[in-house]
Structures are given as C-alpha cells and as structure tokens.
Amino acid sequence: MTTPAPALAAHDLRHAFGTTPVLHGVSLAVRPGEVVAVTGPSGSGKSTLLHLLGGLDTPQAGEVWWAGERVDTLGTQARAVRRAGRIGLVFQHHYLLEDLSVLQNVLVPALLTGQDGADRARELLARVGLAGREGDLPGVLSGGERQRVAVARALAVRPAAVLADEPTGSLDRANAEVVAGLLLDLAREEDAGVLLVTHDERLAARADRALHLLDGRILEAEAVR
Ligand SMILES: Nc1ncnc2c1ncn2[C@@H]1O[C@H](COP(=O)(O)OP(=O)(O)O)[C@@H](O)[C@H]1O
Ligand SMILES: [Mg+2]
C-alpha cells in the first residue's frame with residue numbers, strides 16, 4: 001500500500017515584505033483527516049503562512065503542495081481553479097457575498113469548478129443547522145450563523161484541505177464552540193486536512209497536533225492528542 005499524499009504540504013517556505021523577513025524556512029505537512037493547529041504571537045507570520053499555503057500569495061522561495069501537486073509554480077489563474085476544487089478557506093470575517101442567498105454563497109466554489117453542487121450544499125447547510133435558511137440573505141443572519149455558512153462553503157467541493165485563520169475570532173464563546181465543532185467534525189468525517197490558525201487554546205487543544213510559529217520558524221510539533 002502506498003501512503004496517500006499529504007492533503008497540504010510546504011517545503012522551506014521563505015517570505016519577506018520589503019526588507020522585513022517574515023518566514024525563514026517553514027516546512028509542514030497535513031495528512032488527510034488530520035487537524036493541525038498553528039499558534040504564535042501576533043505578527044509572527046501565521047496569516048502570511050496561511051495565505052501562502054492557500055496560494056493567495058506566492059512565496060519568495062520554497063514549495064506549496066496540495067494533494068500531491070505542486071502549486072506555487074502555477075500561474076494565478078490555474079492556481080485559482082485548483083484552489084476552488086481542492087482548498088476550503090475560512091477567515092475571521094465570513095466574506096459572504098451579501099447580495100447572494102445563503103445557498104448561492106455555498107454554491108460559489110462548485111460554480112467555479114463546474115460542478116452541480118446543489119444537493120451537497122443543501123446537505124451541508126442542514127448539517128450546520130441552517131436547514132430552511134437557504135433563501136435568506138447573509139445580512140439577516142447572526143454572526144455565528146454567517147460563520148456556519150462560511151464553514152459549509154469551505155467544505156462544499158470536498159476539498160483536500162481546509163485553511164482556517166482565526167475562524168472563531170469574532171464570535172462569543174458559545175458560538176465559537178459550535179462553529180469550531182462543526183468545522184472539525186465535518187473535515188474529519190470527509191478526510192479533509194485542516195490547518196487551523198488560532199489564539200484560542202481551547203480550540204488548539206481540539207487539534208491532533210499543534211505547531212508554534214515564532215520568529216518566522218516552526219518551533220516544534222507538539223502532540224496534543
Ligand atoms: N501585505 C503586507 N505588507 C507588509 N507587511 C505585511 C503584510 N502582511 C503582513 N505583514 C507583516 O508581516 C508580519 C507577519 O504578519 P501576519 O502574517 O499577519 O502575522 P500574524 O497573522 O501571526 O499576526 C507582520 O510584521 C506584518 O506587519
Ligand atoms: Mg493573523
């Protein structure tokens with residue numbers, strides 16, 4: 001039996017903004033179904049790392065791989081198409097399109113990849129407790145509900161990996177618990193790898209493993225489960 005390719009991998013990523021170096025050689029791999037938390041002080045480069053891993057920015061050196069394919073060398077367009085099919089993104093802000101319904105928002109990744117995702121989108125909305133709210137506009141939802149839509153959208157195309165940057169950072173504790181639980185449960189069920197940037201120690205403790213980013217380097221892989 002061959003070992004499946006990591007859902008997500010980085011080799012020796014280096015990045016600077018102007019003369020300010022931010023990442024000094026970061027390597028990591030997230031297996032399918034594995035949840036890896038990334039912690040570190042503010043300004044340590046967590047969001048920069050997540051942007052590079054998600055192909056939203058191109059590293060100055062190093063490699064990014066999604067499900068066994070190197071993607072940092074792809075052009076912007078080709079990478080955007082791959083991303084839509086393989087990577088789910090959840091940020092602190094929901095980034096829902098305010099003029100589209102809840103259902104249409106969850107369908108965006110499927111539209112980008114040419115899939116008919118309507119049944120899947122409805123199923124996911126039911127899973128996150130939003131059955132019956134498909135036709136609502138994001139503006140009438142609570143913060144927790146909007147973030148649950150963002151979770152459903154991130155998983156809509158059965159991505160290899162989900163990248164989440166402080167996904168519960170603007171929620172109260174009760175809603176944070178619910179949203180984090182849904183994200184982790186759904187990803188694990190579907191064998192998606194998760195890279196989860198968080199300040200929240202309770203959330204980090206729900207990961208399989210935690211990586212600490214300090215001064216642009218990964219300190220150590222700490223087994224937490
Ligand atoms: N687009 C950018 N242009 C210039 N500097 C940036 C940019 N994004 C981040 N930085 C700088 O890079 C460093 C790391 O930022 P960031 O990755 O956002 O850290 P974290 O998410 O850990 O708080 C900080 O010093 C920040 O000011
Ligand atoms: Mg950040």
Exercise. Collect the residues in region 75-93 that are assigned to a loop (DSSP other than H, G, I, E, B) and either free of Cβ contacts under 8 Å to residues at least 40 places away in the same chain or aliphatic (A, V, I, L, M) (or both), keeping them in residue-number order.
Key: Gly75
Self-check item: Criterion (within 16 Å of ligand 2 (Cβ to nearest atom), outside any helix (DSSP H, G or I) and either on the phi < 0 side of the Ramachandran plot or buried (at least 17 other Cβ atoms within 10 Å of the Cβ) (or both)) met by exactly one of Leu56, Leu52, Leu96
Solution: Leu56
Quiz item: Picking from Ala118, Ala67, which residue would you name as being surrounded by 13 or more Cβ atoms within 10 Å (Cβ to Cβ), away from ligand 2 (no atom under 16 Å from the Cβ) and on the phi > 0 side of the Ramachandran plot?
Solution: Ala67
Quiz item: In this structure, is Gly33 touching a Lys or Arg at 6+ places or on another chain (Cβ under 9 Å), modelled with pLDDT of 95 or more and not charged (D, E, K, R)?
Solution: yes
Quiz item: Given the structure, is Leu186 surrounded by fewer than 21 Cβ atoms within 10 Å (Cβ to Cβ) and within 27 Å of Pro4 (Cα to Cα)?
Solution: yes
Self-check item: All positions within region 59-71 that are touching a helix residue (DSSP H, G or I) at 6+ places or on another chain (Cβ under 8 Å) and either of a type in the set (A, V, I, L, M) or part of a loop (DSSP other than H, G, I, E, B) (or both)
Solution: Pro59, Val64, Ala67, Val71
Quiz item: Within region 154-173, is even one residue on the phi > 0 side of the Ramachandran plot, crowded, with 16+ Cβ neighbours inside 10 Å and within 16 Å of ligand 2 (Cβ to nearest atom)?
Solution: yes
Quiz prompt | Members of region 1-46 found to be of a type in the set (Gly, Ala, Ser) and either open to solvent by 70 Å² or more (accessible area, probe 1.4 Å) or more than 16 Å from ligand 2 (Cβ to nearest atom) (or both), listed by number | solution = Ala5, Ala7, Ala9, Ala10, Ala16, Gly18, Gly25, Ser27, Ala29, Gly33, Ser42, Gly43
Quiz item: Does region 164-184 contain any residue that is closer than 21 Å to Leu111 by Cα, in contact (Cβ under 8 Å) with a residue 12 or more places away in the chain and more than 16 Å from ligand 1 (Cβ to nearest atom)?
Solution: no
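The values are calculated or read from the model by the stated rules, or taken from the named source; none is laboratory data. For clarity, every value in this text was computed on a predicted model and none was experimentally measured. Neighbour counts run over all protein chains shown; Cβ positions are idealised from the backbone, glycine included. Ligands, DNA and RNA are stripped out before the accessible areas are found, and what is left, the full protein with its side chains, is counted by its heavy atoms. Shrake-Rupley method; radii C 1.70, N 1.55, O 1.52, S 1.80 Å.
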